[in-house]
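Accompanying notes for the structure given below.
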Amino acid sequence: MIRNDVPITPELVKEHGLKADEYERFLALIGREPTLTELGIVSAMWNEHCSYKSSRIHLRTLPTSAPWVIQGPGENAGVIDIGDGLACVFKMESHNHPSFIEPYQGAATGVGGILRDVFTMGARPIAALNSLRFGSPAHPKTRHLVAGVVAGIGGYGNSFGVPTVGGAVGFHERYDGNILVNAMAVGLARKDAIFYAAAAGVGNPIVYLGSKTGRDGIHGATMASAEFDDASAEKRPTVQVGDPFAEKLLLEACLELMKSGAVIAIQDMGAAGLTCSAVEMGAKGNLGVELDLDKVPTREEGMTAYEMMLSESQERMLMVLKPGMEAEAQDIFRKWGLDFAVIGKTTDTLRFVVKHRGEVVADLPIKELGDEAPVYDRPHLANTFQPVIPPESVAAPVSNAEALKRLAGSPDLCSKRWVWEQYDHLILGNTVQTPGGDAAIVRVEDGPKGLALTTDVTPRYCEADPVEGGRQAVAEAWRNITAVGGKPLAVTDNLNFASPERPEAMGQLVGCIRGIGEACRALDFPVVSGNVSLYNETNGRGILPTPTIGGVGVLDDTRRHATLAFKREGDAILLVGETRGWLGQSVYLRDICGREEGAPPPVDLEAERRNGDFVRHLIHSGLADTVHDCSDGGLGVALAEMAMAGGIGAVMPECPVALPCHAFLFGEDQGRYVIAVDPDAAPDILYSAASKGIPVAIIGMTGADSLTLPGEEAISVAELRQAHEAWLPEYMAAEPA
């Protein structure tokens, strides 16, 4: 008999994030009024963060399979085959709302959570990346948030001992009240030793592993499924507190236990803590679960069943073990100084039963909690298309040299060295390409094989045209991996959007998913894992739609890769891809002309694939070791970045196409690469490209210590570097206004 401990009122239901009709659905499901613990459980399982109730029907349209995909979406992380009996395990997750409320701990525990998702699958983490979006630099909270988030990422990753090798940082006023902190982790495992979350066998012990349970993080998943308002700071107690040293011990203990053969199933206690992990394990295995909370290790006195089930204390795991191996498992965890407790068992009842202090405090149907949360096909508005801006209609307000200097030192395009130098990007000794390039490269074990890793998205494109923006985010990730010589294999996504209850925001989500799907299919770049973060808005003002793409590719030999730095004087500079001078939604139009408008550049997916395959062939054949893709800021910024990275200038004598020179330099046409090659090899490259229908033109030559633009405009590389490197450290050192 279940005793109702607290009267369930409409106000209490609303506080738990359940709509009235959802609560009625729950009542019909269980046939009685729930206990407070049961209300907490269903509020956690049926919120947006855990159930994907607004996005699920659209996510099903994404391509998720390929011959090299071992595990697609639905597990703790995605898994792909990278050859030689090895698998790459990776995923990206958001920790947006906690990081806005408490930036250090919010970002730190975001890193901790994604690392657990990877090693839960049996993989040892080898790299971390991130994608960060902050509000306007002029906003009074931005500097504080940047400092806290960067310190949190570095503090956790550095202490845990995983290199943070890449990422992105952007600023826009639409993130003033709701920043984005997306964390990605990548690990390695034997492909025949992957561990999954589905429980198996009746009567098998369910064990609690790791750190003790406290009151931190309660309702964290519910908070992640609600928009912010002026009282958001009051939600500070819902932010978890992380301990990277405990997580390192947990990693080693879990991997050792996995080798023992004792583990049947394993699940990280992430969002919604013990509730979500236990329900998902049972539901995926078509089994019931019975828990005795009296056996849960706690660090605070008098914790209620409600608090224990919803706590999001960090560094905890739940496992189903083979019977008779409990003692061996306990010895391993005790050796590492971690808690180990048998807290329940699997059953054949398909019920989720929770006991506390001799009473049943929850008795719910497990499949309906795990698999049958409400699914909504929410109304969504198609995007209102922006007009195409002809390049000749945009007058140049300043010289091209001045524009380039301003762009190189702008908040979005300036050097992010201040950020990544706070991360240990060399620990483990396998980082080949450090932050600042197109994609990071890490060696696989002792090499020569390696992985190319990147995170990409252009939110202003997604705002102007969600479908095109979704395509472009995938295409840029594919391009960045290609630019270092990697073969793109798969992506994880982190879909950050405003409230799905507003048709225009829901339309952005639907459009971006459509664009992502189209690009992934065209480029054989399937989605194997991901996360959806909705309700990213404050007082009704939403963020820019930000579907971050984390890409993974493989290099057969890391000793033959490309970087963006000019390496020699006298190299011929070639531009691969078609240039039309597309200025709509460009950084030039926004930051130099003061106009944030127009249609974004279209993405020709066939050309992307053709151009990228050609460039990758040049790298593998040894003809090109200097490659950079054209993205924000177009050709001009790409050339400046190559010159600054190598300390070598370049001369571009004239615009090779009939366009206004500023449109040629700063247009953001897609599918393009800048390469520097031996001038003797250039004719053969041009001939080969022409035979494949690929536009390639010689646009200049490397040399000297300045960048000379068409019309004899020159700017020294040192002056560019000063502008590029100065903005962020000067901004962070300034006193708040």
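Computed from the Cβ-Cβ distance with R0 of 56 Å, the FRET efficiency linking residue 445 to residue 24 stands at 0.55. A DSSP coil position with no more than 14 other Cβ atoms inside 10 Å describes the following trypsin sites (Lys or Arg not before Pro) in the range 41-97: 60. Work out the charge dipole of the range 378-510 with +1 on the Cβ of Lys and Arg and -1 on the Cβ of Asp and Glu about the Cα centre, then indicate which of 431, 499, 382 is farthest towards its positive end. It is 431.
When the dipole is taken about the Cα centre of the range 618-737, and only Lys, Arg (+1) and Asp, Glu (-1) are charged at their Cβ, what size is it in debye, to the nearest 20?
Numbers: 3 positive and 17 negative charges, 71 e Å.
The calculated dipole for the range 618-737 is roughly 340 debye.
Taking Cα atoms only, the orientation of helix 682-691 departs from the longest principal axis of the chain by about 70 degrees. Between residue 392 and residue 331, the simple label model (points 7 Å from Cα in the Cβ direction) yields a spacing of 8.3 nm.
Under the classification rounded if a/c is under 1.5, otherwise prolate if a/b is larger than b/c and oblate if not, where does the range 356-476 fall, given a ≥ b ≥ c as square roots of the Cα gyration tensor eigenvalues? Show your work: numbers first, answer last.
Values: a/c = 2.71, a/b = 1.34, b/c = 2.02.
The shape class here is oblate.
Using a 1.4 angstrom probe on heavy atoms only, work out the carbon and sulfur share of the accessible area of the chain in %. Solvent-exposed carbon and sulfur of the chain make up 51 percent of the total.
As a test of reading the structure, rank 104, 588 by solvent-accessible area (1.4 Å probe, protein chains only), most first.
On the way: 104 90, 588 0 Å².
The ordering from most to least exposed comes out as 104, 588.
Residues whose amide H lies under 5 Å from that of residue 533, counting only those 5 or more places away or on a different chain, are 495, 496, 497; hydrogens are built 1.01 Å from N in the peptide plane.
Structure note, pairs 91/367; 19/212; 191/248; 53/355; 248/567: Cα-Cα distances above 31 angstrom occur for 19/212; 248/567. Between residue 718 and residue 286, the contour length at 0.36 nm per residue exceeds the alpha carbon distance by 149.1 nm. Of the residues 478, 157, 189, the one whose Cα sits farthest towards the positive end of the charge dipole of the chain is 189 (charges of +1 on Lys and Arg Cβ, -1 on Asp and Glu Cβ, taken about the Cα centre).
Could you compute the FRET efficiency for residue 299 and residue 524, with r as their C-beta to C-beta distance and R0 at 45 Å, rounded to 0.05?
Values: r = 48 Å, r/R0 = 1.07.
Once rounded, the FRET efficiency stands at 0.40.
The stretch between residue 193 and residue 698, if pulled fully straight at 0.36 nm per residue, gains 176.8 nm over its current Cα-Cα span. Helix 466-483 and the longest principal axis of the Cα set of the chain meet at an angle near 70°.
Average accessible surface for the range 27-182: 24 Å² per residue, computed with a 1.4 Å probe over protein heavy atoms with every protein chain in place.
For the range 432-495, the per residue solvent-accessible surface stands at 18 Å², with DNA, RNA and ligands left out and a 1.4 Å probe.
Spacing of the modelled spin labels on residue 84 and residue 426, each 7 Å from Cα toward Cβ, amounts to 2.4 nm.
Could you grab the relative contact order for the range 334-404? Cα pairs under 8 Å, six or more apart, rounded to a whole percent. Provide the component values of the computation, followed by the final result.
Values: 24 pairs, mean separation 10.7, N = 71.
RCO, the range 334-404: 15 percent.
About its Cα centre, the chain has a charge dipole of approximately 1020 debye under the convention of +1 per Lys or Arg Cβ and -1 per Asp or Glu Cβ, with nothing else charged.
Want the number for residue 32 to residue 578: 0.36 nm per residue separation, take away the alpha-carbon distance, what's left? Working shown, then result.
Values: separation 546, 0.36 × 546 = 196.56 nm, distance 6.52 nm.
Difference between extended and current length: 190.0 nm.
Given an 8 Å cut-off on Cα distances and at least 6 residues of separation, report the relative contact order of the chain as a percent. It would help to have the intermediate numbers written out before the result.
Working: 1928 pairs, mean separation 111.9, N = 737.
Taking the mean separation of contacting Cα pairs over the length of the chain, I get 15 percent.
Pairing the Cα long axis of helix 326-335 with the longest principal axis of the chain, what angle in degrees results, from 0 to 90 and rounded to the nearest 10? Rounded to the nearest ten degrees, it is 50.
Ranking 123, 61, 88 by how far each Cα lies toward the positive end of the dipole of the range 57-156 (charges on Cβ) leaves 61 at the top. The distance from the alpha carbon centre of the range 79-155 to that of the range 425-453 is 18 Å, rounded to a whole number. Which one, (i) 0.96; (ii) 1.11; (iii) 1.28, gives Cα Rg over 2.2 N^0.38 Å as derived from the coordinates shown? Here the calculated entry is (i).
Indicate the gyration tensor shape class of the range 563-616 (rounded, prolate or oblate), computed on the Cα atoms with a ≥ b ≥ c the square roots of the eigenvalues: a/c under 1.5 is rounded; otherwise a/b larger than b/c is prolate and the rest oblate.
Numbers: a/c = 3.11, a/b = 1.43, b/c = 2.17.
Oblate, because a/c is 1.5 or more while a/b does not exceed b/c.
For the range 1-142, a crude dipole built from +1 on the beta carbon of Lys and Arg and -1 on the beta carbon of Asp and Glu, taken about the Cα centre, is about 240 debye to the nearest 20.
As a calculated quantity, the FRET efficiency between residue 606 and residue 60 at R0 = 30 Å, using C-beta atoms, amounts to about 0.70.
The values are calculated or read from the model by the stated rules, or taken from the named source; none is laboratory data. Remember, it's a predicted structure, so these values are computed and weren't measured experimentally. Quick reminder, even Gly has a Cβ in these numbers, built from the backbone with ideal geometry, and neighbours come from all protein chains shown. Heavy atoms of the whole protein, side chains included, go into the accessibility calculation; ligands, DNA and RNA do not. Shrake-Rupley method; radii C 1.70, N 1.55, O 1.52, S 1.80 Å.
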